[in-house]
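Report on one structure; see the data block that follows.
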Amino acid sequence: MAHQIERPLSPYMTYRWALTMPMSIVHRITGIALYLGTLLLVWWLLATASGPSAYATFQGFVGSWFGRLILFGYTWAMLHHLLGGARHFLWDLGYGFGPNERERLTLFALIGSISLTIVLWIVAYAAGGLR
């Protein structure tokens, strides 16, 4: 019988699953979403500079249910990316590397971004900014 060579396994087969893994991917996705959302900001600026009819077209889009959904997602992506960046900044400073600390920071970024998004939208509606 031939001697079998032990080959290294792919990391996904050897690592214990942790919340930091998918959240790392989500952090990158939110970065891309922020880039695409900036196009919406550019549209807003161009519509503002172009006059009332162009602005009315923009306002009609962002006032629709689909536009609001995009704005809500953009808000969440911005806050999630912000809190994920703060988490990475703490790691850059050398804090939060323990297994429990990593998971808590990651969970805080996830729950915090969702909570802050909801609170921000409630405040915007209450202030009359979103009608």
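Quick notes
- Each residue of the stretch 20-30 was assigned a 3J(HN,Hα) from its phi angle through the Karplus curve 6.51 cos²θ - 1.76 cosθ + 1.60 (θ = phi - 60°); the sequence is 5, 5, x, 6, 5, 5, 4, 4, 5, 5, 5 Hz, with glycine and proline shown as x.
- Given charges at beta-carbon only (K, R positive; D, E negative), |dipole| of the chain in Debye: 160 debye
- Ordered by 1.4 Å accessible area with all protein chains kept, 106, 48 run largest first as 48, 106.
- Cα gyration tensor shape for the stretch 75-118, rounded if a/c is under 1.5, else prolate or oblate: oblate
- Grouping the Cα pair distances of the chain into 5 Å bins from zero gives a pair-distance distribution of 2, 9, 14, 16, 15, 12, 9, 7, 6, 4, 3, 2, 1, 1, 1, 0, 0 percent in increasing distance order.
- Rounded to 10°, Cα long-axis angle of helix 52-63 versus longest principal axis of the chain: 40 degrees
- Ranking 76, 125, 114 by how far each Cα lies toward the positive end of the dipole of the stretch 27-131 (charges on Cβ) leaves 125 at the top.
- For the stretch 96-112, putting each phi into the Karplus relation 6.51 cos²θ - 1.76 cosθ + 1.60 with θ = phi - 60° gives couplings of x, 8, x, x, 6, 5, 4, 5, 5, 4, 5, 5, 4, 5, 5, 5, x Hz, in residue order, rounded to whole numbers and with x for Gly and Pro.
- Heavy-atom accessible surface of the stretch 75-123: percent carbon and sulfur, 1.4 Å: 77 percent
- Candidate residues 125, 35: accessible-area rank, largest first, probe 1.4 Å: 35, 125
- Heavy-atom accessible area for residue 5, with the other protein chains in place and a 1.4 Å probe, reaches approximately 120 Å².
- Portion, in percent, of the accessible area of the stretch 28-72 that falls on carbon or sulfur, probe 1.4 Å: 79 percent
The values are calculated or read from the model by the stated rules, or taken from the named source; none is laboratory data. Predicted model, so just to flag it, every value in this text is computed and none were measured. So basically every Cβ, Gly included, is an ideal-geometry build from the backbone, and we count neighbours across all protein chains shown. These accessible areas exclude ligands, DNA and RNA; they are computed on the full protein's heavy atoms, side chains included. Shrake-Rupley method; radii C 1.70, N 1.55, O 1.52, S 1.80 Å.
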